[in-house]
Amino acid sequence: MPTVEALLAQLAAQLEPLYEKPEAHTMAEWVLEHALGVGRFELLQRRREEASEELEAQVHQYLEQLLRQEPLQYVLGEASFYGREFGVTPAVLIPRPETEELVQRVIRTYQDQPQVRLLDIGTGSGCIPITLVAELPGAQVWGLDVSLEALAIAKENAQKLGQPVAWLHQDILREVPAVASQSLDAVISNPPYVLEEEKDLMRQNVLAFEPHLALFVPNEDPLLFYRRIAGVAQQLLKPGGRLFFEINERFAQATIDMLQQAGYQQVEAHQDLRGKERMVVALWR
């Protein structure tokens, strides 16, 4: 029987034709950590142990899925976000680091404000509203999605993490969220913003497995969701309430112009840690 260390090396080597060497090794570590139910430090401590037949079989099953370029988070059924583990399936987008930056901006804005009321539109796995409830004591938070499958995942995550979120099953393009008028301090959204024409630029593991409903907008109307959400937010935000958007960096200025024309003030684009304009924040008068 191979050792845990040998099994790790074998897995990394088999992934290297598809991924760069450092990424392949990191993925192999995550697989072994998940299969053993341990953290990185304990994995290092157990590296000389003999791998059981059950462990080998489980790792081989994960490898088969990874060789089909299925995203690691879907293979393992979980993804990290803001220090917590969220359940994910192909019904929801895998949480991204830039979305963590958006959430951090919301938290910094309201960390000293008690009883803040927030709505996340296009909630997916629920990572945004669940994190906001956890990090902002006393906050009342709603999460909205058109997909019942996504909401089922979000509800499971909220229950697992012990965070109370109110869930809304509505189509933002056709309905106004069932929240009291002029009652919200902020509306947050990471809506679909990838153009159909950009599909050819995307990695295959994203294109083949992540939900297109949550990714793509028509080429002829890249601000479809932003324009609609901005209009709905005018009804729901208190005076002085804010919009927080994650955006397609190609349309930062267009998003700013649209919001200013709609009557929003102090509209600003913000860069992510890679220097790309990926967030826009606006104040409702």
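Evaluated against (1) of a type outside the set (Ser, Thr, Tyr); (2) at pLDDT 95 or above; (3) surrounded by fewer than 18 Cβ atoms within 10 Å (Cβ to Cβ), Lys199 falls short on exactly one condition, (2). The set of residues in the stretch 225-257 being surrounded by fewer than 18 Cβ atoms within 10 Å (Cβ to Cβ) and more than 23 Å from Gln182 (Cα to Cα) consists of Glu249, Arg250, Gln253, Ala254, Asp257.
Taking (1) in a helix (DSSP H, G or I); (2) touching a residue at least 12 places away in the same chain (Cβ under 8 Å) in turn, Gln10 satisfies each apart from (2). Taken over the stretch 83-99, the criterion of being under 9 Å from the mean Cα position of the chain (by Cα) and touching a residue at least 24 places away in the same chain (Cβ under 8 Å) is satisfied by Val92, Leu93, Ile94, Pro95, Pro97, Glu98, Thr99. Every test in (1) under 25 Å from the mean Cα position of the chain (by Cα); (2) basic (Lys, Arg); (3) within 18 Å of Ala186 (Cβ to Cβ) is passed by Arg250 save one, and that test is (3).
Yes/no per residue for (1) among the hydroxyl-bearing types (Ser, Thr, Tyr); (2) surrounded by 17 or more Cβ atoms within 10 Å (Cβ to Cβ); (3) farther than 26 Å from Gln163 by Cα:
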residue	(1), (2), (3)
Gln14	no, no, yes
Glu20	no, no, yes
Gln45	no, no, yes
Ser52	yes, no, yes
Val75	no, yes, no
Glu85	no, no, no
Ala91	no, yes, no
Glu100	no, yes, no
Asp112	no, no, no
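Just one of the listed residues (His25, His34, His60) is touching a residue at least 24 places away in the same chain (Cβ under 8 Å) and assigned to a helix (DSSP H, G or I), and it is His34.
The values are calculated or read from the model by the stated rules, or taken from the named source; none is laboratory data. Keep in mind it's a predicted model, so treat the numbers as computed, not measured. Heads up, the Cβs are rebuilt from the backbone with ideal geometry, glycines too, and the neighbour counts pull from every protein chain shown.
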